[in-house]
């Protein structure tokens, strides 16, 4: 059974709107998009990568703002800091990938390595952070977190911004401005 299928199955066992269910569903979609990027070329690949890039950008910002503060308490500060560090590194790579030709050999090698790193990051969240949140937060609290996550994602940038990544305070300060710029950029690029 694939990781994406396992994530969807686990998400389906949780109440609608539960923050862990939302994140598991997003992890599954991210894995699906990586597979699409690997399996396509040309415009289809560019479109899949653009969707992947936007999803990863908003997903990571929302996690840093909503999940990480709770994970510091439930899974420990060191665990939360490791995930923030990984997200900062991923944002740097995503920014480089965004500037590459998706049909180039260099992109193929970089996306393969990036997919591995993102998968490992998701696996750590699912094995360390999510169980502690499920164990130590009430269903009501997780639902409230899910609502806050959705709001944060609506306001989050859709492109990587390495200067703020992994630093929740910086994300909170610069995120809305970067998001506004990104949304205009996305609209103009079609």
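The values are calculated or read from the model by the stated rules, or taken from the named source; none is laboratory data. Quick caveat, the model's predicted, so the values are computed rather than measured. Cβ placement follows ideal geometry from the backbone for every residue including glycine, while neighbour counts extend to all protein chains displayed.
Looking at the stretch 70-91, is at least one residue over 13 Å from the mean Cα position of the chain (by Cα), under 16 Å from residue 56 (Cβ atoms) and free of Cβ contacts under 8 Å to residues at least 12 places away in the same chain?
no
Among the residues of the stretch 31-69, how many are more than 17 Å from the chain's Cα centre (by Cα) and more than 20 Å from residue 7 (Cβ to Cβ)?
So the answer is 8.
One residue is enough: does the stretch 10-30 have a residue meeting the conditions modelled with pLDDT under 95 and within 24 Å of residue 113 (Cβ to Cβ)?
Taking the stretch 10-30 as the starting set, the residues that turn out to be modelled with pLDDT under 95 are none.
Among the residues of the stretch 10-30, not one is modelled with pLDDT under 95 and within 24 Å of residue 113 (Cβ to Cβ), which makes the answer no.
Within the stretch 15-33, restricting attention to residues that are outside any helix (DSSP H, G or I) and in contact (Cβ under 8 Å) with a residue 40 or more places away in the chain, which residue is nearest to residue 141 (Cα to Cα)? Show your work before the answer.
Here is the first cut: in the stretch 15-33, the ones outside any helix (DSSP H, G or I) are 15-18.
Pick out the ones that are also in contact (Cβ under 8 Å) with a residue 40 or more places away in the chain and you get 15, 17-18.
Working: 15: 12, 17: 11, 18: 9 Å.
Here the residue is 18.
In the stretch 3-23, is there at least one residue being crowded, with 21+ Cβ neighbours inside 10 Å, in contact with a helix residue (DSSP H, G or I) (Cβ under 6 Å, 6 or more places away or on another chain) and closer than 20 Å to residue 93 by Cα?
Going through the stretch 3-23, the residues crowded, with 21+ Cβ neighbours inside 10 Å turn out to be 7, 18-23.
Okay, now just the ones that are also in contact with a helix residue (DSSP H, G or I) (Cβ under 6 Å, 6 or more places away or on another chain), so 7, 18-22.
Checking the rest, the ones that are also closer than 20 Å to residue 93 by Cα come to none.
Within the stretch 3-23, none of the residues are crowded, with 21+ Cβ neighbours inside 10 Å, in contact with a helix residue (DSSP H, G or I) (Cβ under 6 Å, 6 or more places away or on another chain) and closer than 20 Å to residue 93 by Cα.
Go through the stretch 34-151 and tell me which helices (runs of 4 or more DSSP H), entirely inside it, have 1 or more residues that are under 24 Å from residue 13 (Cα atoms). Let's see the steps before the verdict.
Numbers: elements: 42-62, 68-74, 77-98, 105-124, 130-136.
Helices (runs of 4 or more DSSP H) meeting the threshold: 42-62, 68-74, 105-124, 130-136.
Within the stretch 109-123, does at least one residue satisfy the condition of being over 15 Å from residue 59 (Cβ atoms) and over 19 Å from the mean Cα position of the chain (by Cα)?
Within the stretch 109-123 (the criterion being over 15 Å from residue 59 (Cβ atoms) and over 19 Å from the mean Cα position of the chain (by Cα)), the answer is yes, since at least one residue qualifies.
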